[in-house]
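> Okay, here's the structure, questions in a sec.
The values are calculated or read from the model by the stated rules, or taken from the named source; none is laboratory data. Since this is a predicted model, take the numbers as computed values, not measurements. Cβ atoms come from the backbone with ideal geometry, glycine included; neighbour counts cover every protein chain shown.
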Amino acid sequence: MYQKKVLSVSKKIDAIKEFSNNFTVLYVQNKPDKTILDKLETLFAHIVVAENEKDAIKEFLKHDISIMIVNLPNEASNAFSTIKKLKSLKHNLFILVLSSQEDTNILLHCIEHNIDGYIHTPFTLEVLTKEILKIINKYKLELKKYQSYANQYLKLFEKRNMISKTDLNGTITYVNDIFCKISGYSKKEILGKNHNILKHDDNPIELYKNLWDTIKVKKKPWKGLVKNRSKFDTTYAVETIITPIKNLDGEIIDFVAMRDSLDTSIDDKRYLLDRIEKNDFSILVMMQIDEFELLDKFYNPLTVNQVERNFAYNLISYLPTTYTFDYIYTLGDGKFALLTDFQSFEATQLNIETYLNEFVNNVKNSTLRFDDLEFDLNISVSYAIGHYMLYEDAKAGLEHTMEKKNQLSFSNDLSISVSQEAKNNLNMIKTVKIALENYNIVSYFQPIFNNQSQMIEKYESLVRLIDEKGDIISPFEFLHISKKGNYYTKITERVLENSFKILHKINTELSINISVTDIEKTHTREKIYWLLEEYKKDSHRIVFELLEDENVNDFTVIKDFIRHVKQRGVKIAIDDFGSGYSNFERLLEFEPDILKIDGSLIRNIVHDAYSKSIVETIVLFAKTQNIKTIAEYVENEHIFNILNELGVDYSQGYYFGKPEAL
């Protein structure tokens, strides 16, 4: 059976003292009762006494009063008048009323003024502790509520300001993302370092003396303009507020510094481009305040700067609450940008156009006010999705949007520039993501025939996507957009897995397409090495087809990869050889076993003497180097006969068989 735990008086006193050390109590009575004061001194360390209403107000204004205890005189109306006045000055003031009168009107007054406790005198210490404990429990509830509010405000400040925390010795114990953005230091680089790492020599010694005297000796917040030095040795000036954080005993435990991030001279474009580069696949939103050039002409620079600053401050509030972008990039001349990870946004299942339309309408329906001025701002918006050329695409979209409007009309029309291609890309990315999740990135296999024996001696693994409707989608429709993000790497891995698994069904060689970009990625190389080890009995039947690329970053990596896999018995083929870029000298460095002749040459070989001459040259070169040749896109017997005459070793195309699942 549950039994209620009853605290002894001494336990109650201890429980009160845990919280009361930081309380100041105001005791009001015409002639203070020493017996009552003794009881109060048992519970509280800080007691201020007032003998009348006038003194009570005076002491209240002088001290930070947490609890007011009023011993009512015979005429209580003035006392309640004072209570009402003081509660209006501090709404969370806790009040305990003492009275020797058994008067119903007094109780009604207590209810009317929302008094926190009432004790009939005389009373014991146990009665007093019981009522004080009730007040402290109310205080705890209020504290939780204010902590909740504080956390909400902190999140808002986190998104708009540089925030750092240091211990009593000035060692940095916390920084937020915006702090890292502006200072240039990562959290790993800055945490544990002394705040002097940001110190700028231009700051006078007096500034630091005043700062430390204010926050450490006077234990009060300090506010001022401070110059800091970034990791990149650039200077940025910030309006700073440093606040000492105290425990319930009034002791300083650490310092929190908040800086206005919009006052810095950081190059937001540089930081934005860096973030784009680090992300695999992003959504970039770019916006321009309409008619900003007119603002620049008709208002002084300070006012224009204030417009930009205030718009940036309010930008987060204009965004729909369904999704929050972490950063605001101020690009100058009324331009701003937002960036987020594509997958994070996609997880919300929001429509990007609906989201942005709500955003621009929120701006349209708002008014920017400061210094007795009002501005009804409108914006134009564009967005881009991807990785490569993301900034350039969004910027071009924004310029296109601005060109469609009359720059001098002060039009209220708002538009979002989204090309049909961007919409198609977005839909295709979703299709790829779903296919990967459902293992619907599959491999089809096309036979490769020996031109002499006309027997199947190889298969080529070709990627296909099965969409939600069950339709088979060609790589030409999804690979180009997948290459802009991390999905391409996942597709490559899925193709590798599918291809190696099929080895037990066939007894021929198997060709797998690998791009130079794939090989340059450490993760992909390690995946290939692992598969070759897992299937080491069949690794001699693998052929990796490399696509030529003049944009190779490091040929050493490619050559090391080729050397490594050849030691496992793997053959190397060069795909689409003869298509515009064919460096014979570099080709020999790759030591290929096979050349796959570009399909555009094969398609035209019947009617185009130039194509036939190129194919003949490639075949002669290959034979002198003991390299086999394969012709793709062999569509009919006529093409096959010409290739046979020229001495091409293998043929691949619809004349011999279409790609199929095995």
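> Select from the stretch 575-596 the residues that are modelled with pLDDT of 90 or more and in contact with a helix residue (DSSP H, G or I) (Cβ under 9 Å, 6 or more places away or on another chain) and write down the one among them that is surrounded by the fewest Cβ atoms within 10 Å (Cβ to Cβ). Before the answer, list the steps.
In the first step, residues of the stretch 575-596 are kept if they are modelled with pLDDT of 90 or more; the result is 592-596.
Remaining after also requiring in contact with a helix residue (DSSP H, G or I) (Cβ under 9 Å, 6 or more places away or on another chain): 592-595.
Values: P592: 23, D593: 16, I594: 24, L595: 26.
Once the filter is applied, the top-ranked residue is D593.
> Continuing with the same structure: What is the residue count in the stretch 601-611 for residues that are buried (at least 19 other Cβ atoms within 10 Å of the Cβ) and either under 10 Å from L646 (Cβ atoms) or among the acidic types (D, E) (or both)?
Matching residues across the stretch 601-611 total 1.
> Same structure, new question: Just one of K219, K223, K209 is at pLDDT 75 or above and in a loop (DSSP other than H, G, I, E, B); which is it?
K219
> Any residue in the stretch 65-82 that is modelled with pLDDT under 80 sitting within a Cβ distance under 9 Å of a residue that is part of a helix (DSSP H, G or I)? List the pairs, counting only those 6 or more apart or interchain.
Pairs found: P73/A79; A76/N105; A76/I106; A76/H109; S77/H109; N78/E53.
> Same structure, new question: Working only within the stretch 478-522, note down all residues that are closer than 30 Å to L390 by Cα, in contact with a Leu (Cβ under 8 Å, 6 or more places away or on another chain) and not polar (S, T, N, Q). First the steps, then the outcome.
Taking the stretch 478-522 and keeping what is closer than 30 Å to L390 by Cα, we get 478-496, 513-522.
Right, trim to in contact with a Leu (Cβ under 8 Å, 6 or more places away or on another chain) and you get 478, 487-488, 490-491, 494, 496, 513-516, 519.
Listed by number, the residues that qualify are F478, Y487, Y488, K490, I491, R494, L496, I514, V516, I519.
> Which condition breaks for F410 when tested against (1) in a loop (DSSP other than H, G, I, E, B); (2) more than 27 Å from I178 (Cβ to Cβ); (3) at pLDDT 85 or above?
Looking at each condition in turn, F410 falls short on (3).
> Please find, within the stretch 369-385, the residue that is surrounded by the most Cβ atoms within 10 Å (Cβ to Cβ) out of those that are assigned to a strand (DSSP E or B) and modelled with pLDDT under 80. Before the answer, list the steps.
Initially, the stretch 369-385 is screened for residues assigned to a strand (DSSP E or B), giving 369-370, 373-375, 379-385.
Adding the requirement that they be modelled with pLDDT under 80 leaves 369-370, 373-375.
Working: R369: 10, F370: 13, L373: 12, E374: 8, F375: 17.
The residue in question is F375.
> I need a count of the residues in the stretch 517-534 that are out of contact with any helix residue (DSSP H, G or I) (no Cβ under 6 Å at 6 or more places or on another chain) and either within 21 Å of K596 (Cβ to Cβ) or assigned to a strand (DSSP E or B) (or both).
Number of matching residues: 2.
> While we're looking at this one, here's another question. Take residues that are on the phi < 0 side of the Ramachandran plot, among the acidic types (D, E) and assigned by TED's automatic domain parsing to the domain that holds R464 and tell me which of the strands (runs of 3 or more DSSP E) falling wholly in the stretch 557-662 contain 1 or more.
Numbers: elements: 571-577, 594-597, 628-631.
Here the list reads 571-577.
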